[in-house]
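Peer 1: Sending over a structure as structure tokens; questions will come in a sec.
We did not get these values from a lab; they are worked out from the coordinates using the rules stated. Not measured: the values here are computed from a predicted model. Counting neighbours? That spans all protein chains shown, and the Cβs are built from the backbone with ideal geometry, glycine included.
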């Protein structure tokens, strides 16, 4: 370079050179990420989107989905043939469900009378009654159910799917996690985190009661000033990216700025529930006198609108962390099962059933796979000195419905009392191997190189539950 150049001119050319390198690098990074998240699958997919409904606190399988007549017969007697197992307290005698089960649908499925609206959908559901977990603690249990690992630092299923097949609508997030008005689930953001995947694949947290913050442009800033600021910021960031290659958090920040600009128009439109007709609002229960139910109903309706507008993966939470009073904020009914579930089930039942009905009547279940999850189950006995149930990692229920699922079936069985899974014992790895299969992804091939290993969502495990597939 000519040393006689004016210093300011020389500096300008140096910055321009570096900046153009940064722009080129940014372009290459974007191309690489697009190649990963291009929407291409290993084979034709039956499902394009996922709705995950999660009830944190370990919702009791033997009180909701898994009918055990012998619990009625032997209520109040010691559980036979099983060694004493304690998690949070000593077990007492067998305890029948406080509520009768009703026969529902043409399939004749037995379901708790606490869920009369959900009972209308049993012929579309595939129940998995033989789930098991590797942990009996809520925080690790939730992230194990979401990521197949019981410790932080691993990508959630939604992040893996975002990484694998990317966005449908580039004006909205690929992955949204909708939080209950009562708060985040146990272990919080780890449930929708990206782990070691690039940061832009983490879930975006939002809810009907808490729209995305800082999305709207301040009234004092005009559109020209905003655009100029954004262009200048992009120039600085791409220059910085050139000096720090491989910094995926910076790339995620760049992507988030671009997404935020697009979402300024799209997100308010999607999250505006007032555009829904009154009969839909009433069907969900968005104006119910029970404020917790109304809030969850609005989140259910928001879920449908997000999926309808092309969000790839939506996690919808019903309940939150444990509180000082067991069973108050989530499904963790250690002491007072009856009053706890008579609080939680009305919040869950009508809005969730309305969401399923609404999606079905709109034809959305042709493309959307719906799954219901909790982190583990409950014991068939009462916890000594209480009328509640302790944790049970050896047996619980999940279900799937929608795209690619054969409805009106049950897979696997627990023993006569619901203490252990005994027939076709199923793991979280199998659950997600099946989900990925429906999305056109081979769970053994979806991998990311990290710390010397090709990491998978399903680790080194997982089998597809073929008998529940249509």
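Peer 1: What is the order of 458, 77, 41, fewest Cβ neighbours within 10 Å to most?
Peer 2: In increasing order of surrounding Cβ atoms, one gets 77, 41, 458.
Peer 1: Rounded, prolate or oblate, given the Cα gyration tensor of segment 98-161, with a/c below 1.5 counting as rounded?
Peer 2: In terms of gyration-tensor shape, prolate.
Peer 1: What shape does segment 301-431 take by its C-alpha gyration tensor, where a ≥ b ≥ c are the square roots of the eigenvalues and a/c under 1.5 counts as rounded, a/b above b/c as prolate, and the rest as oblate?
Peer 2: oblate
Peer 1: Based on other C-beta atoms within 10 Å, arrange 152, 349 from fewest to most.
Peer 2: Least crowded to most crowded, the residues run 152, 349.
Peer 1: When you count, for each residue, the other Cβ atoms within 10 Å and take the mean per peptide, how do 267-275, 373-381 rank with the highest first?
Peer 2: 373-381, 267-275
Peer 1: Can you sort 113, 60 by how many other beta carbons sit within 10 Å, fewest first?
Peer 2: 113, 60
Peer 1: Right, something else. How large is the convex hull of the C-alpha atoms of segment 291-345 per residue, in Å³?
Peer 2: 78
Peer 1: Could I ask something else about it? How many angstrom separate the Cα center of segment 393-407 from the Cα center of segment 97-135?
Peer 2: For segment 393-407 versus segment 97-135, the Cα centre distance is 11 Å.
Peer 1: Once a ≥ b ≥ c are taken as the square roots of the eigenvalues of the Cα gyration tensor of segment 406-470, is the result rounded (a/c under 1.5), prolate (a/b larger than b/c) or oblate (a/b not larger than b/c)?
Peer 2: Here segment 406-470 falls in the oblate category.
Peer 1: Provide the packing ranking of 140-149, 402-411, 314-323, i.e. peptides ordered by the mean count of other C-beta atoms within 10 Å per residue, highest first.
Peer 2: Descending mean neighbour count gives 140-149, 314-323, 402-411.
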